[in-house]
Amino acid sequence: MGTCLLHSWPDDPPPDWRREPGVWLVGAWCGLAGRDRTILVRRAAGETLEAIASDLGITRERVRQIQSQKTRELVAVVSRGFPGLDAAVSAGTEMIAVTGAPGVAGASWDQFLEIPASTPRDVLIAGLEFRHPDAWSTTIPHWWTRRPDQFDAAMAQLVASAPFSHAETDSIVDALRLPSDYATVLDAPGSRLTRHELGWVRRGRVSRDAAYLWLRAEGEPRSAAVIADAVGVNTHAIAETLRRDEAFVQVRPEGTWGLVDWRLPDVATRYASALDVVVEVLTQRGPMSFQSLRDEVQRLYPVTEWRVRQCLISNLVGVTPTGLYDLAERGAAPVPESEPRQPANIQVAGNLTGVRLTVSTDLLRGSGLPVNRWLTWHLGLRHAPSSRAFRLPGDHGEVIVRRATSNGQISTLRGPAQTLGVALGCSVTLLLQADTATADLLHTCTPEHCPADGPTRARLSG
């Protein structure tokens, strides 16, 4: 008896084990012949009938018969020795049938049967016509179900609900009536969902789902570069991803990206940006406190408080002597932008400012490049729109730094980049000399880590 217990129970039994709740199951389990118990253990572990039959020198059909017969005997013995079994099973099946839950968690069986997790317990539950459900082409060992089709439907609904933040997960799981240890399914091999620091996202859409969750938390449009930095991907890659996904929309003329969900039916045709809303509200309502302005703008055009504050640096808006916000055309004084946090890729030495950039598809095709607004603040562009031009060497013309209400931008660097022979992924540094209004472009890759073939590692002027 002791050997049976040690091999079938998860821990050594306590001295008073005969008075423990699971004693009747232990007795029934140890009453099985050694070969029969071996078959049940190996089948519970997922081994095939063929493998077991080969090892034991019997036929596959004989293994199946022994498994079926001994499981029924185990259930019958336990039912006679434990009158509460029927009630426990009813509780489990009622959870599925009445509450609509697609399955029962192993922890729930611990409570119903008052038996710790073990092979004998699992064999007993299987004998009660429950099975481990399949999900993502794998078996989920911690759950049990009598309705695998309902379980599959719940998994499909869960995926259809993605992406969702960690804060939303409990409410979604509760709505689908999934057991509390749902993570055992979501983390299972082959799962169509994966855990991200922002929430649960789909494996084939990790970057766009992460961008969706991040933008939704921000509550306002952001540039592709800022989104890429937040979700940890390449700027060009995320821009192309957003263009292909109907959940995102590009806001013109700023070129930032937002969510289609934000645009109310009448907003899409009336407003091009949050600034348009701010101007319209002030035009109709007159001078307002920031709180009143914010509330009215958010009622018409769902954006965050941060975005409303950014609109206040526009040259169309100002503040009155009494501290209320109004239109600049009615005499309100412009509101200068406060200093943002300086990013690591922008450094200053006297009148010289260096901006380190990674060569992207946008740069190579001549598009304007988003830049952290600390640069525009540092260059004195503290209202929007405003800009400053810097003369490039030779016949490359000018590079222009612009300030919009929500972001900064550098004009095209395509010509200078082509002269330097850079390639996608190369590192370049734009040098801006404030006192002479001149600029230069450097190819700053290290020789051993340069994507270009035979690069020109020099200043543009060289």
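The values are calculated or read from the model by the stated rules, or taken from the named source; none is laboratory data. The model shown is predicted, which means the values in this text are computed figures rather than measured ones. We place every Cβ from the backbone using ideal geometry, glycine too, and count neighbours over all the protein chains shown. What goes into the accessible areas is simple: the full protein's heavy atoms, side chains included, and nothing from ligands, DNA or RNA. Shrake-Rupley method; radii C 1.70, N 1.55, O 1.52, S 1.80 Å.
Just one of the numbered conditions (1) within 30 Å of Glu218 (Cα to Cα); (2) assigned to a helix (DSSP H, G or I); (3) in contact with a helix residue (DSSP H, G or I) (Cβ under 9 Å, 6 or more places away or on another chain) is not true of Gln418: (1). When the residues of the stretch 380-406 are filtered to those that are within 16 Å of Asp440 (Cα to Cα) and part of a loop (DSSP other than H, G, I, E, B), the one that is least open to solvent (accessible area, probe 1.4 Å) is Leu392. Return yes or no: is Val308 modelled with pLDDT of 85 or more and of a type in the set (Val, Ile, Thr)? So Val308 passes the test.
Could you look through the stretch 142-160, keep only residues that are open to solvent by 50 Å² or more (accessible area, probe 1.4 Å) and in contact (Cβ under 8 Å) with a residue 12 or more places away in the chain, and pick out the one that is farthest from Ala247 (Cα to Cα)? Residue satisfying both the conditions and the ranking: Arg146. A Cβ distance below 7 Å, combined with a sequence gap of six or more or placement on separate chains, defines the contacts here; from the stretch 436-462, residues that are surrounded by 11 or more Cβ atoms within 10 Å (Cβ to Cβ) and modelled with pLDDT of 90 or more reach residues that are among the basic types (Lys, Arg) and assigned to a loop (DSSP other than H, G, I, E, B) in the pairs His443/Arg457. State which residue is nearest to Ser273 (Cα to Cα) when the search covers only the stretch 202-214 and only residues that are open to solvent by less than 30 Å² (accessible area, probe 1.4 Å) and in contact with a helix residue (DSSP H, G or I) (Cβ under 7 Å, 6 or more places away or on another chain). In this case the residue turns out to be Ala211. Residues of the stretch 152-186 that are modelled with pLDDT under 80 and among the hydroxyl-bearing types (Ser, Thr, Tyr): Ser171, Ser180, Tyr182, Thr184.
Is it the case that the stretch 46-68 has a residue that's buried (at least 16 other Cβ atoms within 10 Å of the Cβ), at pLDDT below 90 and assigned to a helix (DSSP H, G or I)? No, every residue in the stretch 46-68 fails to be buried (at least 16 other Cβ atoms within 10 Å of the Cβ), at pLDDT below 90 and assigned to a helix (DSSP H, G or I). For the stretch 124-131, indicate whether the set of residues that are within 26 Å of the chain's Cα centre (by Cα), open to solvent by 20 Å² or more (accessible area, probe 1.4 Å) and modelled with pLDDT under 80 is non-empty. Looking for residues that are within 26 Å of the chain's Cα centre (by Cα), open to solvent by 20 Å² or more (accessible area, probe 1.4 Å) and modelled with pLDDT under 80, one finds none in the stretch 124-131, hence no. Residues in the stretch 27-39 that are modelled with pLDDT of 90 or more and open to solvent by less than 50 Å² (accessible area, probe 1.4 Å) were compared, and the one that is nearest to Val75 (Cα to Cα) is Asp36.
Report yes if some residue within the stretch 412-430 is under 30 Å from Arg307 (Cβ atoms) and among the polar types (S, T, N, Q); otherwise report no. Yes - at least one qualifying residue is present in the stretch 412-430. Take the residues of the stretch 179-201 that are more than 8 Å from the chain's Cα centre (by Cα) and closer than 21 Å to Glu246 by Cα: which is surrounded by the fewest Cβ atoms within 10 Å (Cβ to Cβ)? Ranking the qualifying residues of the stretch 179-201, first place goes to Arg192.
Could you give every pair whose Cβ atoms fall below 6 Å, whose first residue belongs to the stretch 382-395 and is under 30 Å from Leu312 (Cα atoms), and whose second residue is of a type in the set (Asp, Glu), counting only separations of at least 6 or pairs across chains? Qualifying pairs under 6 Å: Arg382/Glu337; Ala389/Glu398. Looking at (1) within 37 Å of the chain's Cα centre (by Cα); (2) among the polar types (S, T, N, Q); (3) part of a loop (DSSP other than H, G, I, E, B), which is the only condition Gln298 fails? Exception for Gln298: condition (3).
Taken together, the residues in the stretch 271-297 that are touching an Asp or Glu at 6+ places or on another chain (Cβ under 8 Å) and at pLDDT below 85 amount to 3. Selection of the stretch 282-336 for residues being charged (D, E, K, R) and without any contact (Cβ under 8 Å) to a residue 60 or more places away in the chain yields Arg285, Arg294, Asp295, Glu296, Arg299, Glu305, Arg309, Asp326, Glu329, Arg330. I'd like to check something: does the stretch 354-377 contain any residue that is crowded, with 20+ Cβ neighbours inside 10 Å, at pLDDT 90 or above and touching a Lys or Arg at 6+ places or on another chain (Cβ under 7 Å)? Yes, the conditions are met somewhere in the stretch 354-377.
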